[in-house]
Amino acid sequence: MYLYDTHDQAMVDARVAEFTDQVSRRLAGTLSEEQFRPLRLKNGLYLQLHAYMLRVAIPYGTLDSRQMRMLGDIADRYDRGYGHFTTRQNIQYNWIKLEDAPAILADLASVGMHAIQTSGNCIRNTTADHFAGAAPDEVEDPRPYAELLRQWSTFHPEFDYLPRKFKVAIIGSETDRAAMKLHDIGIQVYKDAGGQTALRIHVGGGMGRTPMIAPVIRDNLPPLQMISYLEACLRVYNRHGRRDNKYKARIKILVHEIGADEYRRQVEEEFAHILTLGLEPPPAEFARIKAQFADPAFDPAAPDAIDRSDPDFALWVDQNVHAHKAPGYAIVTISLKPVGGIPGDASADQIRLMADIARDHGFDELRVTHAQNIVLPHVKKADLHAIWQRLDAAGLATANLDLIGDIIACPGLDYCSLANARSIPVAQKISERFAETGRQRDLGELKLKISGCINACGHHHAGHIGILGVDRKGVENYQLLLGGSEAADTSIGTITGPGFSEDGVVDAIERATNVYLDQRAQGERFLDTYRRIGMAPFKEAIYG
Amino acid sequence: MAETLIRLRDDAASTAPVVPLADLGAASNASAVRLMPGDDARALLPVLDQLDLIEVAFPAYTDGRGYSAARILREHGYAGELRAVGDVLVDQVSHYVRVGFDAFAPDQPMTREAVDQAIATWPAVYQRTVDGRPAIWALRHG
């Protein structure tokens, strides 16, 4: 885990002081809401439908138990006892009072956290593989690169008013667990033919109203030229990205309109110039950061066997536990998707319990996943049963990872001022319809994602089944998409046809899953069957 | 025309007429030019030596192209006055300075005191740019 040094701490402390002053000027009336708006947005403070919402950055989704405990305490002190983990590996609080915001930022700063650049047309919080440092298939840990990116992007003076927001994701495995190609920049750390570490840079992916998969713009980039290369990528975008239409302002539109080759040419030209300026942190800095992500002290004698005599426990192990690179260890994913619950929500007590378990059994480390779940990346297999019992007692042992009940959903019209339709009730109805564990497991891996508007915070384009809430003449209406994926085989879903009512879309999903059950070949997931047989049989069953 | 002018440099301000980039070719002896957001700052590189003042227009503070324009000019050695003009906000002043601006002509009133305070907001910086401040990585590794 990266720990702040005095420089990092001084920067977040300065931010708290600055924002405290700005809030007091707003409360005193010397700043109007219009003047205050860009300032609060730079601190992740949105004015939503019912209250202020504060979005807290969790850099590359990694945090320790002390930080996690603070997130629980903040939920108790300043919210209604809940936090909402998001698809951006962050946490949001939905019931914040403006006058409390400086105190919350001060509490966050006391554990090395902040809300910097969680909003606005700037470089947002970098996301990464949530199994980083633990996955058996990892080529190299992406977190040291992500931390370099965090520092470089923090208060970057040239890129504070880009045409639109800018999101970077980084992975270090062939398996893409971060939807990397659906980001403005997606970086893959890999080994070249000679065994040397290199970076592959994808630019111009995204969801929103124009979903696009990012093309490769640069292969074989030396790792310690990453910052210089991204300076070049961002500068070309800042200068030439469209500013005439907010919906065409993301970098994906620039890359699409001028073409990947022309964008690459412009970046390479800028990159050649930037390399002469000496902007890259030195190898010693990378080494300093990397040392902080060294493996924890795994016990080489940790037993590999798991006692599966408790059937409920065995079910959870099969569904929510992944293989680890160290013998005798495993990766646990805690589902925040109980039947009928709000995807990504956790109570203050649940958040603190997860912190305690990480402290007691998990080398003090937790991750937030873009699927709105929590990961304990390093636990002994021998401790799994004890962990499961503690989770189960707190309603956190739902065995549905990657099943239809493991729904990604945005906050929707229940909270969000941009939404056209509610997402949460749809998610709740689907999870209740498919509540029975045996039925879910029979359906197998099925990633279902719901967005309450075209901005696609719920990643509906990338769901095996996606739902998009729209407003049709003042009535909430739900479009259904099939065939999306955010994994290494990234694809964008196709709309089935006319939309549905809230209950109608749940019925349509059930009919689609029945087509799969009837037609699947041996070993096929829902997505595989869809890709093989195409949309027609699904369409017929849904509308026929 | 903005009424406020705050300069962070000691030399006398240019009194030459400020010409738009498009007119620079015709006015070959011009020493002051104004860049609009869509103008290519690199078009000035061949004539940087003859310029004492480059104004960079911010018609709206949300249009950040001027930050890149300024930094490019400094990266290529421009040492004259670089003035941010228009919807220039005190809360952005530390960023303007970090990309090379050393004068401000804001539409809204702004005091020198507020500018100095804004510049002092950050105890250190994470990036090396054109303002001469060492990045935090340089402080760490001497």
* Asked: From the square roots a ≥ b ≥ c of the eigenvalues of the alpha-carbon gyration tensor of region B:6-140, which class results: rounded (a/c under 1.5), prolate (a/b over b/c), or oblate?
  -> prolate
* Where in region B:109-132 does accessible area fall by at least 30 Å² between the isolated chain and the complete protein assembly, at a 1.4 Å probe radius? -> B:Thr121, B:Trp122, B:Pro123, B:Tyr126, B:Gln127, B:Arg128
* **Interchain or long-range residues, amide H under 5 Å from A:Gln48's placed H** => A:Met53
* Structure fact -> For region B:9-20, in residue order, the Karplus 3J(HN,Hα) values (coefficients 6.51, -1.76, 1.60; θ = phi - 60°; whole Hz; Gly and Pro = x) are 10, 9, 6, 6, 5, 4, 10, 5, x, 8, 9, x
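Set the bar at 21 Å for Cα to Cα. Now go through A:Lys165/A:Lys246; A:Lys181/A:Lys449; A:Lys181/A:Lys252; A:Lys337/A:Lys447; A:Lys449/A:Lys539; A:Lys191/A:Lys381 and name every pair that lies beyond it. Can you show the working numbers first?
On the way: A:Lys165/A:Lys246 10 Å; A:Lys181/A:Lys449 17 Å; A:Lys181/A:Lys252 11 Å; A:Lys337/A:Lys447 13 Å; A:Lys449/A:Lys539 19 Å; A:Lys191/A:Lys381 30 Å.
Beyond 21 Å: A:Lys191/A:Lys381.
Please compute, for peptide A:279-288, the average count of beta-carbon atoms on other protein chains lying within 10 Å of each residue's beta-carbon. If you can, show how the numbers build up before the last one.
On the way: counts 5, 3, 9, 5, 1, 4, 6, 1, 1, 3.
Whole-number average of other-chain Cβ neighbours for A:279-288 is 4.
Classify region A:130-201: rounded, prolate or oblate, from the alpha-carbon gyration tensor (a ≥ b ≥ c, eigenvalue square roots; a/c under 1.5 rounded; otherwise prolate if a/b is larger than b/c)? Don't jump to the answer; show the numbers that get you there.
Numbers: a/c = 2.08, a/b = 1.92, b/c = 1.08.
Prolate, because a/c is 1.5 or more and a/b exceeds b/c.
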* **Within a Gaussian network of chain B (alpha carbon springs, distance under 10 Å), most fluctuating of B:Pro37, B:Pro20, B:Pro46** => B:Pro46
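Over all directions, how big on average is the projection of the convex hull of the alpha-carbon atoms in region B:8-81, in square nanometres? Display every interim value, and only then the final one.
Details: hull surface 20.0 nm².
Projected over every direction and averaged, the Cα hull of region B:8-81 covers 5.0 nm².
Report the relative contact order of chain A, percent, no decimals, based on alpha-carbon pairs under 8 angstrom and at least 6 residues apart.
13
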* Structure fact -> For region A:257-399, averaging the sequence separation of alpha carbon pairs under 8 Å that lie six or more residues apart and dividing by its residue count, the contact order in percent is 25
* Taking both sides together, what accessible area is buried at the B/A interface, probe 1.4 Å, expressed in Å² and rounded to the nearest 100? -> 3400
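Under a point-charge model restricted to the Cβ atoms of Lys and Arg (+1) and Asp and Glu (-1), what is the dipole moment magnitude of region A:142-291 relative to its Cα centre, in debye to the nearest 20? Don't skip to the answer; put the middle values down first.
Numbers: 23 positive and 18 negative charges, 138 e Å.
About 660 debye.
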* **Per residue, in Å², the accessible surface of chain A once ligands and nucleic acids are set aside, probe 1.4 Å** => 35
* To do: Quick one: compute the contact order of region A:408-543, relative version, from alpha carbon pairs under 8 angstrom and 6+ residues apart, as a percent.
  => 19
* Structure fact -> In order over region A:237-251: 3J(HN,Hα) from phi, Karplus 6.51/-1.76/1.60, θ = phi - 60°, whole Hz, x for each Gly or Pro, gives 5, 4, 7, 10, x, 6, 10, 8, 8, 3, 7, 10, 9, 5, 5
* In a Gaussian network model over chain B where Cα atoms closer than 10 Å are linked, find which of B:Tyr78, B:Tyr61, B:Tyr96 has the largest mean-square fluctuation. => B:Tyr61
* Structure fact -> Residue-ordered couplings for region A:43-60, obtained by feeding phi - 60° into the Karplus form 6.51 cos²θ - 1.76 cosθ + 1.60 and rounding to whole Hz (Gly and Pro as x), are 10, x, 9, 9, 9, 9, 5, 10, 6, 6, 10, 10, 9, 9, 6, 10, x, 6
* Asked: For region A:104-128, which residues drop by 10 square angstrom or more in accessible area between the chain on its own and all protein chains together (1.4 Å probe)?
  -> none
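Leaving out ligands and nucleic acids, note down the accessible area per residue over chain B with a 1.4 angstrom probe, in whole Å². Before the final figure, lay out the partial values.
Values: 6290 Å² over 142 residues.
Roughly 44 Å² per residue, with all protein chains present.
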* Indicate the residues belonging to region B:42-76 that lose 50 Å² or more of solvent-accessible heavy-atom surface (probe 1.4 Å) upon moving from the chain alone to the assembly of all protein chains, ignoring ligands and nucleic acids. => B:Arg42, B:Tyr61, B:Arg65, B:Ser68, B:Arg71, B:Glu75
* Asked: With every protein chain kept in the model, how would you rank A:Tyr229, A:Tyr46 by accessible area, 1.4 Å probe, largest at the top?
  -> A:Tyr46, A:Tyr229
* Structure fact -> Between the residues A:Tyr329, A:Gly44, A:Val56, the Cα farthest towards the positive end of the dipole of chain A, that dipole coming from +1 and -1 charges on the beta-carbon of Lys, Arg, Asp and Glu, is from A:Gly44
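Using a probe of 1.4 angstrom, how much of the accessible area of the protein assembly as shown is carbon and sulfur, in percent? Don't skip to the answer; put the middle values down first.
Details: 12750 of 25070 Å².
The value for the protein assembly as shown is 51 percent carbon and sulfur by accessible area.
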* Structure fact -> In terms of the charge dipole of the protein assembly as shown, which places +1 on Lys and Arg and -1 on Asp and Glu at the beta carbon, the residue among A:Cys416, A:Thr127, B:Ile54 farthest towards the positive end is A:Cys416
* Please calculate the 1.4 Å probe accessible area of A:Arg25, with all protein chains present, and give it to the nearest 10 Å². => 80
* **region A:6-109: translational diffusion in µm²/s, Stokes-Einstein, Kirkwood Rh over Cα pairs, 4 °C, 1.567 mPa s** => 91
* Using 7 Å Cα-to-Cβ label points, what is the B:Ala79/A:Gln196 separation (nm, one decimal)? -> 3.9
* Candidates per GluC sites (Glu not before Pro) in region A:145-204, loop by DSSP, up to 14 other Cβ within 10 Å -> A:Glu174
* To do: Let me know the volume per residue of the alpha-carbon convex hull for chain A, in Å³.
  => 158
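Among bridges DSSP assigns within region A:408-543, what percent are antiparallel (round to 5)?
Values: 12 of 18 bridges.
Antiparallel: roughly 65 percent of the beta bridges in region A:408-543.
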* Asked: Ratio of region A:91-150's C-alpha Rg to 2.2 N^0.38 Å, to two decimals?
  -> 1.46
* Could you list, by residue number, the cysteines of the protein assembly as shown that have no other cysteine's beta carbon within less than 4.7 Å of their beta carbon? => A:Cys122, A:Cys233, A:Cys416, A:Cys453
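By the gyration tensor of its Cα atoms, with a ≥ b ≥ c the square roots of the eigenvalues, what is the shape of region A:408-543: rounded for a/c under 1.5, prolate for a/b over b/c, or oblate?
Numbers: a/c = 1.64, a/b = 1.59, b/c = 1.03.
Here region A:408-543 falls in the prolate category.
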* For chain B, find the longest principal axis of its Cα atoms and tell me its angle to the long axis of helix B:65-75, 0 to 90°, nearest 10. => 90
* **Cβ-placed point charges (K, R +1; D, E -1), dipole of chain A about Cα centre in debye, nearest 20** => 1560
* Structure fact -> Per GNM of chain B with C-alpha springs under 10 angstrom, the most fluctuating residue out of B:Ser94, B:Ser68, B:Ser28 is B:Ser28
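What ranking of A:His324, A:His7 comes out by heavy-atom accessible area, probe 1.4 Å, highest first? Intermediate values should be presented prior to the final figure.
Details: A:His324 20, A:His7 50 Å².
Output order, biggest surface exposure first: A:His7, A:His324.
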* Structure fact -> Restricting to lysines and to Cα separations under 19 Å from A:Lys380, and discarding same-chain partners fewer than 8 apart, the set is A:Lys325
* Sequence-distant or interchain residues sharing an amide H contact under 5 Å with B:Val19, placed H: which? -> B:Ala32, B:Val33, B:Arg34
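The values are calculated or read from the model by the stated rules, or taken from the named source; none is laboratory data. For clarity, every value in this text was computed on a predicted model and none was experimentally measured. Reconstructed Cβ throughout: ideal geometry from the backbone, glycine too, with neighbour counts over all protein chains shown. Each accessible area value is taken on the protein alone, full model and side chains, heavy atoms only, with ligands, DNA and RNA left out. Shrake-Rupley method; radii C 1.70, N 1.55, O 1.52, S 1.80 Å.
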